[in-house]
1. Say each of residue 4 and residue 41 gets a label point 7 Å from the Cα, pointing the same way as Cα to Cβ; how far apart are those two points in nm?
2. List 76, 4 from most exposed to least, where exposure is judged by having the fewest other Cβ atoms within 10 Å.
3. Sticking with the crude label model, points 7 Å out along Cα→Cβ, report the distance from residue 100 to residue 54 in nm, one decimal please.
4. Most exposed first by the Cβ proxy, i.e. fewest other Cβ within 10 Å, how do 73, 45 rank?
5. Could you order the peptides 189-196, 80-87, 12-19 from most to least packed, using the average number of other C-beta atoms within 10 Å per residue?
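Read-outs: derived from the displayed coordinates by stated rules, not from any lab. Values in this document were obtained by computation on a predicted structure and should not be read as measured data. Quick reminder, even Gly has a Cβ in these numbers, built from the backbone with ideal geometry, and neighbours come from all protein chains shown.
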């Protein structure tokens with residue numbers, strides 16, 4: 001009932017749950033660690049980042065396909081989940097399929113990370129979702145010695161910070177690929193910990209994983225400022 005009340009004023013009707021899943025096998029081992037003579041150095045694990053990006057985009061493509069089977073025009077409230085099954089990683093995107101009440105329908109179903117209320121607010125302000133955008137990043141660095149418990153762990157802090165910057169850049173690039181004008185950023189998950197050294201040397205690697213998700217949007221009529229927190233994609237953009 002809550003979804004119907006939010007969506008009907010902007011001309012959409014909820015159809016029900018929709019989901020898409022993709023399974024990938026983890027490939028190459030971690031790259032050589034980032035230790036150098038000058039001390040700690042972080043570096044991106046590009047293979048891991050690329051696998052996560054491919055996993056999410058594949059799951060989102062399956063979500064669009066399932067939405068089309070349901071007769072929907074898009075999926076809102078999309079949530080992303082990931083599960084590791086041995087050497088396999090399962091990526092799942094799920095949300096609520098919706099259909100426009102009028103005679104005009106998009107050629108390809110859209111996806112939106114925002115929920116029903118935020119979706120209605122965007123449509124009312126003259127903005128339409130283009131698709132869910134993701135910015136995954138995996139960053140590692142060699143940890144030559146452990147610090148005492150209770151102390152700040154600067155190597156972990158630096159690795160996580162670098163991963164957040166890398167993930168934001170990846171999100172920006174994904175939005176540009178979808179020809180978006182702005183991005184509503186509304187979710188970020190982070191993890192940092194120790195993993196086996198990628199070079200097989202003594203010691204461990206610090207690893208940080210970040211995923212930023214949001215909704216790429218574009219104007220469909222003379223639009224006011226998006227009523228949500230956004231990340232501009234071009235200099236001089238709103239936000």
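1. Once both label points are built, they end up 6.2 nm from each other.
2. Details: 76 29, 4 11.
Placing the least packed residue first, the sequence is 4, 76.
3. 3.4 nm
4. Values: 73 22, 45 25.
By the 10 Å Cβ count, ascending, the order reads 73, 45.
5. Values: 189-196: 13.9, 80-87: 11.9, 12-19: 17.6.
Peptide ranking by packing, descending: 12-19, 189-196, 80-87.
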